[in-house]
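Colleague: For reference, the structure I am asking about is given below.
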Amino acid sequence: MFVFGVLGMEPLVQPIILSGDSGTRLWPLSRLSFPKQFLDLVGDKTLFQMTVERVRDSQFLSPIIMCNSEHRFIVEDQLNRISSSAKEVILEPMGKNTGPAVLTAALMAAEKDENKLILILPSDHLIKDKVRFKQTVLSAIPAAKKGQVILFGISPEEPHTGYGYIEVVKEKINSTIDVKTFHEKPNKTLAEQYIAEGNHYWNSGIFLFKAKTIIEAFVTLEPEMVQHCKAAIDRAEKDLGFIRLKEAEYRQCKNISLDYAVIEKISNVGCMPAKFQWSDLGSWSSVKEATASNSNGNSKHGDVLFEESLNCYGYSADGAKLAFVGLENVIAVATKDAILITSKDKSEDVKAIVEQIKKNDCESAINHKRVYRPWGWYECLDCDERYQVKCLMVKPGAKLSLQSHHHRAEHWVVVSGSVNVTVDENVSLLSENQSTYIPIGSTHRLENPGKIPALLIEVQSGSYLGEDDIVRYEDVYGRVKIVA
């Protein structure tokens, strides 16, 4: 029996949380700018927050988080909301799948200790039982310390065609089971066969291994990627507490998953059967299954009503009232700018709708009506050809960039809180019910010097109202691209 976290002993396991998934099968709630890991789909915390709290334990070191550069301030905000300070937040300049992400984290961990045990955790999975999760991880430590790559397998509950399957030998060795081979997402007939054979598990995407073990596998199988990741680390920059990998070097990495890059090609892979319930919440149907149902099998989130309906699920966002009448096995999701209606058995096909939206260059595949920025958020309330009305929230202590516009003027009305307003050379403090006007071409900035969020109504008027009509002169968040 192993005892960890004893006073004076350093925890053995370094969690690496991967937060780069886009989760398009949960549209319209999950979108590229605010994907599913940052949503409170089940319970009052987001999947990302639950993942962080899962390893908030003396057995684990403070997690290292790998995230998309565009999500860095969402990550910071969600960590603050659960009073968590991650060890490091590493920014990927662009998504390159899990292969480069895991290799980069392993290389950084190995700088201090090449034998450090690393636990790879996707940030968008649902695991409610933290005790059983910890027990499962700790029971895999002896095999990982001996040089095995441990993959945590989930006992299949149904012939699911959306997961990869791990085929194992039937004899157990040192509490883990040797992996025989991998099967990609099968058709239903094959999935039923795998379950009947009794030696297949779902691939959870959760791994445990020594940093040295996985790096050596990459050196053998993907040596160019190792060089690119090392160069991206060597030229990384500190950015407001984040670690920003060098874009030019990281861009050269192959876009490939950890599984395809090395896991399915090496022989020292073991499977640890999970003792915990698990879901990747990869479809609205799986979200329904994870949500408590009433006596008619209906489940919901938000303001949802059911009348003579069976086995339905409704998610109402932003206060929309959603009603089901005389329906069976239907899923409906309502947001301010989009509504999804699908049958339960076709919910995994939502991804195809998102692809259609992308082809039409539609904003609703990327952003919600509420768009998050490092200083807070803005939300479009109304717009037409020559005007746009927005609500702005500026966080305490935050400030927008010093900027100007070529084609639009702006009016600001303070609804609550207080803001410092810079217009050219003039700086003034505005409080509730006070307003100001920013002419076209004037240099201006908003700053919240208070202790509570500031809410404003912004009215834009002009010949062009696009978000790219910004000339930025100064920005405390180090943004170099043209954004609001």
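The values are calculated or read from the model by the stated rules, or taken from the named source; none is laboratory data. Owing to the predicted nature of the structure, the values given are computational and were not obtained by experimental measurement. Neighbour counts are summed over all protein chains in view; Cβ atoms, including those assigned to glycine, are modelled from backbone coordinates with ideal geometry. The accessibility values were calculated without ligands, DNA or RNA, using every heavy atom of the protein model including side chains. Shrake-Rupley method; radii C 1.70, N 1.55, O 1.52, S 1.80 Å.
Colleague: Be a star and scan the range 432-452 for residues whose amide nitrogen sits under 16 Å from the point 7 Å along the Cα-to-Cβ vector of residue 463.
Modeller: What the label zone holds, given the 16 Å backbone N cut-off, is 440-442.
Colleague: Report the net charge of residues surrounding residue 277, where surrounding means a beta-carbon distance below 15 angstrom and charges are Lys +1, Arg +1, Asp -1, Glu -1. If you can, show how the numbers build up before the last one.
Modeller: Details: positive: 54, 128, 130, 132, 134, 275; negative: 129, 157, 158, 280, 289.
Cβ neighbours under 15 Å give a net charge of +1.
Colleague: Report, ordered by chain and residue number, the lysines lying within cross-link reach of residue 451, taken as a straight Cα distance under 22 Å and ignoring same-chain residues fewer than 8 apart.
Modeller: The qualifying lysines are 395, 399.
Colleague: So, one more: Please list, in order, the residues from the range 413-448 whose amide nitrogen is less than 12 Å from a point placed 7 Å along the Cα→Cβ vector of residue 381.
Modeller: 413-416
Colleague: Less than 16 Å apart at the alpha-carbon level, and either on another chain or at least 8 residues along: which lysines does that give for residue 145?
Modeller: 116, 210, 212
Colleague: With a ≥ b ≥ c taken as the square roots of the eigenvalues of the C-alpha gyration tensor of the range 244-374, please select rounded if a/c is under 1.5 and otherwise prolate if a/b is larger than b/c or oblate if it is not? Write down the numbers at each step before the final one.
Modeller: Working: a/c = 2.51, a/b = 1.45, b/c = 1.73.
In terms of gyration-tensor shape, oblate.
Colleague: Related question: Give me the percent of accessible area attributable to carbon and sulfur for the chain, probe 1.4 angstrom.
Modeller: Values: 11070 of 22350 Å².
Solvent-exposed carbon and sulfur of the chain make up 50 percent of the total.
Colleague: Let me ask something additional. At a Cα cut-off below 16 Å, give the aspartates and glutamates reachable from residue 180, other chains included and same-chain residues fewer than 8 away excluded.
Modeller: 167, 171, 197, 259, 264
Colleague: Could you give the accessible area per residue of the range 87-138, probe 1.4 Å, as a whole number in Å²?
Modeller: Working: 1850 Å² over 52 residues.
Result: 36 Å² per residue.
Colleague: Continuing with this model, one more query. Lys pairs in the range 268-383, Cα-Cα under 17 Å, at least 8 apart or on separate chains: how many?
Modeller: The number of close lysine pairs in the range 268-383 is 9.
Colleague: Express in whole angstrom the spacing between the alpha-carbon centres of the range 422-484 and the range 320-380.
Modeller: 30 Å
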